[in-house]
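Derivation of every value follows stated rules applied to the coordinates shown; laboratory data play no part. Predicted model, so just to flag it, every value in this text is computed and none were measured. For neighbour counting, all protein chains shown are included, and Cβ atoms are generated from backbone atoms with ideal geometry for every residue, glycine included.
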Amino acid sequence: MTKVFIDGGEGTTGLRILERFEVRDDVELIKIDPELRKDPEERRKMINSSDITFLCLPDAAAIEAVSLVDPDNKHTVIIDASTAHRTEPGWAYGLPELGKDFREKIASGNRIAVPGCYASGFNMLVYPLVKQGIIAPDYPVYVTALSGYSGAGKKAIALYESEDKTEDLYAPREYALSQSHKHLKEMKAISGLAREPLFTPVVDDYYCGMIVSLPLFAHLMEKKETPEELHKIYADYYKEEQFITVMPFGSEAEGNNFFAANAYAGRDDAQIYITGNDDRLLVTSRFDNLGKGASGAAIQCMNIKLGIPQDTGLNL
């Protein structure tokens, strides 16, 4: 039985991981005394006695947690859901669908970084285009994204769910206006772009679910693709993948040509749609920011590392 410790299990990501483990009998949870959850020596004990430790922590605390692994400990796998290690050498990037090398690094490594929620949706759209030469690394990428408020952390959740909620919290709110969002570093590094994209994230008054939209001008692409041709490129790229489904061309009509960002709430996989026209194309990913964008991705990585079916305990 796999011994698992969740460092930071009180946050939204940690709680969702715990929820997914409720249906599993192959995992033994190692639990820390709540009064000692910030005690370094007790955390050291928990981490080093585990087979898998999930870090659901702020960046500084995640870095500290990694330092608590004993030098002679070769068995504990760290799966970090923070921003701290996503572009660090020696860490596998936990989006296995991007390619065989990504999946192999997850399976063989003891340090795995879970992608950011926005970055997950972004990289599943942009990486295949850059890798296959559909767009150049210096393509002027602009991306918008809409997320439920659960991705903003416990303090923001409390504000959105308060009886005294202010009027502005009932409306979509654009943020990261200085173009310094913490996911931009991995967006550039993983996708292969020459520069960080122009990124507009929006948080809205619903709990969870996310859409990430990538507009493309056909005349700026290395090869001018029609929507149908671009759909085939994505369908071929992800045809073997269980967790990313490229939806049939034209299937957005089933939703009356609307994309509801919360349609995949509670799930651990993602959809991709290709829409637009021959001049202006739009590629959209839709998933749960707490699922494929956080906890579901973390557990998927654990399953790959353990060599068991990657969907074990997950909702698809």
What does the convex hull of the Cα atoms come to per residue for the range 3-73, in Å³? 78
Checked against a 23 Å limit on the C-alpha separation, the offending pairs among Lys3/Lys74; Lys100/Lys131; Lys31/Lys185 are Lys31/Lys185
Contact order normalised by length for the chain, with contacts defined as Cα pairs under 8 Å and 6 or more residues apart; what percent is it? 19
May I ask you to order 190-198, 34-42 by the average number of other C-beta atoms within 10 Å around their residues, highest value first? 190-198, 34-42
Output ³J(HN,Hα) for the range 33-40: one whole-Hz value per residue in order, computed from phi by the Karplus curve 6.51 cos²θ - 1.76 cosθ + 1.60 with θ = phi - 60°, and x for Gly and Pro. 4, x, 6, 10, 5, 10, 7, x
In order through the range 182-191: 3J(HN,Hα) via Karplus (6.51 cos²θ - 1.76 cosθ + 1.60), integer Hz, x for Gly, Pro: 5, 7, 4, 4, 6, 4, 6, 5, 7, 6
For the range 80-224, the convex hull over Cα atoms projects on average to an area in nm² of 9.7
Under 14 Å Cα-Cα from Lys232, which aspartates and glutamates qualify once same-chain neighbours fewer than 8 residues away are excluded? Glu240
Using a 10 Å cut-off on Cβ atoms, rank the peptides 140-153, 238-251 from the highest mean neighbour count down. 140-153, 238-251
Cα Rg, Dmax, the range 231-283, angstrom units: 11.7, 35
For the Asp278, Ala235 Cβ pair and Förster radius 22 Å, calculated FRET efficiency rounded to 0.05 is 0.75
Peptide ranges 159-166, 14-21, 112-119 listed from the most packed, as the mean C-beta count within 10 angstrom indicates: 112-119, 14-21, 159-166
Across Glu186, Glu225, Glu254, the residue with the highest GNM fluctuation in the chain (Cα network, 10 Å cutoff) is Glu254
If we count every other residue with Cβ under 13 angstrom of Lys239's Cβ, Lys/Arg +1 and Asp/Glu -1, where does the sum land? -3
Which three semi-axes in whole Å describe the equivalent ellipsoid of the chain, each the square root of 5 times a Cα gyration tensor eigenvalue, listed largest first? 33, 22, 18
Roughly what % of Cα-Cα distances in the range 172-291 sit above 23 Å, to the whole percent? 37
How about Lys224: which aspartates and glutamates have a C-alpha closer than 20 Å to its C-alpha, ignoring those fewer than 8 places off in the same chain? Asp138, Asp236, Asp278, Asp279
Using the Cβ atoms and a cut-off under 12 Å, what net charge is assigned to the surroundings of Gly293, where Lys and Arg are +1 and Asp and Glu are -1? +1
